[in-house]
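The values are calculated or read from the model by the stated rules, or taken from the named source; none is laboratory data. Just so it is clear, the model here is predicted, and its values are computed rather than measured. Cβ atoms come from the backbone with ideal geometry, glycine included; neighbour counts cover every protein chain shown. Please note that ligands, DNA and RNA were not included when accessible areas were found on the heavy atoms of the full protein model with its side chains. Shrake-Rupley method; radii C 1.70, N 1.55, O 1.52, S 1.80 Å.
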Amino acid sequence: MRESRTGGDTDEIDYGGARGQVREDLVAAQHSLLDHIAAPGTWWSGEERVAIASESRRAAGCALCRERKASLSPGAVAGRHDGPHTLPENVVDVVHRIRTDPARLSRSWFDGVIAGVDVGHYVELVGVSTLLAGLDYFARAFGIAPFPLPAPRSGAPSRHRPAGAKPEGAWVPMIAPEDAVGPEADLYNGGFVPNIMRALSLVPDEVRALRRTSGAHYVPVEQIPDPTVHRALTRPQMELVAARVSAINECFY
Amino acid sequence: MGNDDAVLARERRALRTVVSSEGFVDACALIAAFNVVDRVADATGIPLDPMLYAGSGDVREELGLARFGSSANTPEPG
């Protein structure tokens, strides 16, 4: 993975001369994700969010992460992540772990993280670092350079904590469909609401971004249960790719 | 996906031939989507949705998915 570049103009994503092959809705979603990453968030500033994205990208080539990944226990390998860093060390470590070794995240690991990072900050960090990972995987699969990271936008985080978020059986508080009211009334669009769409609901804007990316890169959430919905690939072909990715990632969900 | 650029280039060409350029783009998009989904799921500790859990017992057993660490986030019902 190439070193992060910043300051890119998200109006001009470079698809390596193959722009015409990429669906318009996919291009629009990827523009939207880069803009989302650059904007002030709920708990992190635009500058911090771009720094999180940058760490997510850097983690893919981090020597310490590679050594930990190869170790029987990631906690057994000490050291420093490849830098330079602008974020606190504990935040850098969380981003690198989520990017490079997600299958071995555990409840006890999370409890240790949350002792030093507010859970709202954590959920937003998960959103930013994973959305950037998705863009990087797209670029790698497509055979082009990673999209330049956007220039951060100024402004203060909203600090909006949704009243409906509560313990729901995950590590993080989530909003149940029946509690998605008021500012969160648009969050789920009714119908089937899988836990993956609720996972980031402590920070509702991350759910909106995840919905957008899922809708363009897979199928719209409300159409997931309909087996007749597909794209150029048949639905079984789509599910085969999805299952293969998840098997490689050793993800039970 | 691996780090061998030559292998990846060959596989991209093969995939385009088999499923068309549009299908290739879809495959790239799916790789992106599920690398997001898997990380969000594993980093937030969400359990498998009850409806999906109830309908996937045979597949989970056949594929041995309980060996994945994140299976601990989905407790056995009851």
Checking A:Arg208 against (1) surrounded by 19 or more Cβ atoms within 10 Å (Cβ to Cβ); (2) assigned to a helix (DSSP H, G or I); (3) of a type outside the set (Val, Ile, Thr), which test does it fail? (1)
Residue count for the stretch B:57-72, restricted to those that are open to solvent by less than 20 Å² (accessible area, probe 1.4 Å) and not small (Gly, Ala, Ser): 1
Every residue in the stretch A:174-184 that is more than 10 Å from chain B (Cβ to nearest Cβ) and out of contact with any His (no Cβ under 8 Å at 6 or more places or on another chain), please. A:Ile175, A:Ala176, A:Pro177, A:Glu178, A:Asp179, A:Ala180, A:Val181, A:Gly182, A:Glu184
Condition met for A:Ala39 (away from chain B (no Cβ under 14 Å) and open to solvent by less than 50 Å² (accessible area, probe 1.4 Å)): yes
Tally time: how many residues in the stretch A:225-242 are without any contact (Cβ under 8 Å) to a residue 12 or more places away in the chain, assigned to a loop (DSSP other than H, G, I, E, B) and not β-branched (Val, Ile, Thr)? 5
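Open to solvent by less than 40 Å² (accessible area, probe 1.4 Å), modelled with pLDDT of 95 or more, part of a helix (DSSP H, G or I) and more than 14 Å from every other protein chain (Cβ to nearest Cβ): is that true of A:Val92 in this structure?
yes
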Residues in the stretch A:136-172 that are among the acidic types (Asp, Glu) and in contact with a Ser or Thr (Cβ under 8 Å, 6 or more places away or on another chain) total 1
Out of the stretch A:225-253, which residues are more than 7 Å from chain B (Cβ to nearest Cβ), open to solvent by less than 50 Å² (accessible area, probe 1.4 Å) and of a type outside the set (Lys, Arg)? A:Val229, A:Ala247
Residue match in the stretch A:71-78 (condition: modelled with pLDDT of 95 or more, more than 16 Å from A:Thr130 (Cα to Cα) and not polar (S, T, N, Q)): no
Can you pull out the residues in the stretch A:1-22 that are outside any loop (DSSP other than H, G, I, E, B) and modelled with pLDDT under 50? A:Gly8
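Criterion first (out of contact with any Leu (no Cβ under 8 Å at 6 or more places or on another chain), surrounded by fewer than 16 Cβ atoms within 10 Å (Cβ to Cβ) and either within 14 Å of chain B (Cβ to nearest Cβ) or at pLDDT 95 or above (or both)) does A:Ser108 satisfy it?
yes
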Considering only the stretch A:151-167, state which residues are closer than 13 Å to A:Val119 by Cβ and of a type in the set (D, E, K, R). A:Arg161, A:Lys166
Only one of these conditions is not met by A:Ile144: (1) farther than 24 Å from B:Ala32 by Cα; (2) more than 17 Å from the chain's Cα centre (by Cα). Which number is it? (1)
Meets criteria (open to solvent by 10 Å² or more (accessible area, probe 1.4 Å), in contact (Cβ under 8 Å) with a residue 24 or more places away in the chain and not polar (S, T, N, Q)) for A:His121: yes
Restrict the check to the stretch A:71-83 and report whether at least one residue is over 24 Å from A:Tyr218 (Cβ atoms), buried (at least 17 other Cβ atoms within 10 Å of the Cβ) and not charged (D, E, K, R). yes
In the stretch A:122-162, how many residues are at the interface with chain B (Cβ under 7 Å from one of its Cβ atoms) and either in a loop (DSSP other than H, G, I, E, B) or touching a strand residue (DSSP E or B) at 6+ places or on another chain (Cβ under 7 Å) (or both)? 1
Inside the stretch B:24-56, can you point out the residues that are more than 7 Å from chain A (Cβ to nearest Cβ), free of Cβ contacts under 8 Å to residues at least 12 places away in the same chain and open to solvent by less than 30 Å² (accessible area, probe 1.4 Å)? B:Ser56
Quick check on the stretch A:169-179. Is at least one of its residues among the hydrophobic types (A, V, I, L, M, F, W, C) and free of Cβ contacts under 8 Å to residues at least 24 places away in the same chain? yes
Residue count, the stretch A:147-193 (criterion: more than 28 Å from B:Thr74 (Cβ to Cβ), open to solvent by less than 60 Å² (accessible area, probe 1.4 Å) and within 21 Å of the chain's Cα centre (by Cα)): 6
